[in-house]
Amino acid sequence: MKKQILPLLAVVAGFAVLGTSCKKKDDNMTTTPTNNTTTMTLYDSLGGTQLVADPAMQGQMIEKGRLGIRSVVDSTIFVIAGDPKLNGFFTVLLSEVTSGNTSGFTELSNNLTDFFCVATGAKNFKYSGLSMVAAHDPAQNKRMNGKASNADFDQFVSDLVVGAKKVGLSDQLIGQVGAVVNTTRSQVVQK
């Protein structure tokens, strides 16, 4: 199992080692008022701000939207780790996991979760990690092993769909998450 986790972690890390985590703000608003109506964000559709027990951290609470996003992120990391078309981008992460060091995996999971919380409309988080360009440029991010092509990005999206389906995300929500991911294509694809 450890050998399966390493490739996944390496792939995900290569695509988005995003730096530091999001920071909580005092504003817990998750909807955007428009002309006296409330519009749900994608984050709301993914679970929103309702607090639930965190299955990964006994005794801790987590926003349901964040838990949903983290579930998709972690599932996708595992899919990518097993994908020979992508896992070569993540040799540093895979090497760490193979040696029993899962801190890089945990950091990657947290960073990607933070990034997607903000990207899907969570108002109570602020992402402060690396830019998409820096995160995917081996000259700026030593954890990245190579630059991604459009074909690599397409494969990442394909793996994301598989990962999202494994945790039960609906096709409609997968499409909406995919649209968010596609907005990063011009920054991620550098080859």
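A short reminder: the numbers here are calculations on the coordinates, not readings from a lab. Note that the structure is predicted; figures quoted are calculated from it, not measured. Every residue, glycine among them, receives a Cβ derived from its backbone with ideal geometry; neighbour counts consider all protein chains shown.
See the values below:
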{"quantity": "Separation in nanometres of the label points that stand 7 Å from Cα toward Cβ, at Gln190 and Lys147", "calculated": "0.8"}
{"quantity": "Region 44-65 versus region 119-145: alpha-carbon centroid distance in Å", "calculated": "23"}
{"quantity": "Residue-span extension gain [Ser131 to Thr39] - 0.36 nm each, minus C-alpha spacing", "calculated": "30.3 nm"}
{"quantity": "Low-density loop positions, trypsin sites (Lys or Arg not before Pro), region 58-162 - DSSP coil, at most 10 other Cβ in 10 Å", "calculated": "Lys142"}
{"quantity": "Long pairs among Lys142/Lys191; Lys64/Lys191; Lys142/Lys165; Lys85/Lys166; Lys85/Lys165; Lys85/Lys142, criterion Cα-Cα beyond 28 Å", "calculated": "Lys64/Lys191; Lys142/Lys165"}
{"quantity": "Full-extension gain in nm, Thr98 to Val167, via 0.36 nm per residue minus C-alpha separation", "calculated": "22.4 nm"}
{"quantity": "Hydrodynamic radius of region 65-191 per Kirkwood, over alpha carbon pairs, in Å", "calculated": "15.0"}
{"quantity": "Förster-model FRET efficiency, 30 Å R0, Ala139 and Ala179, C-beta, rounded to 0.05", "calculated": "0.55"}
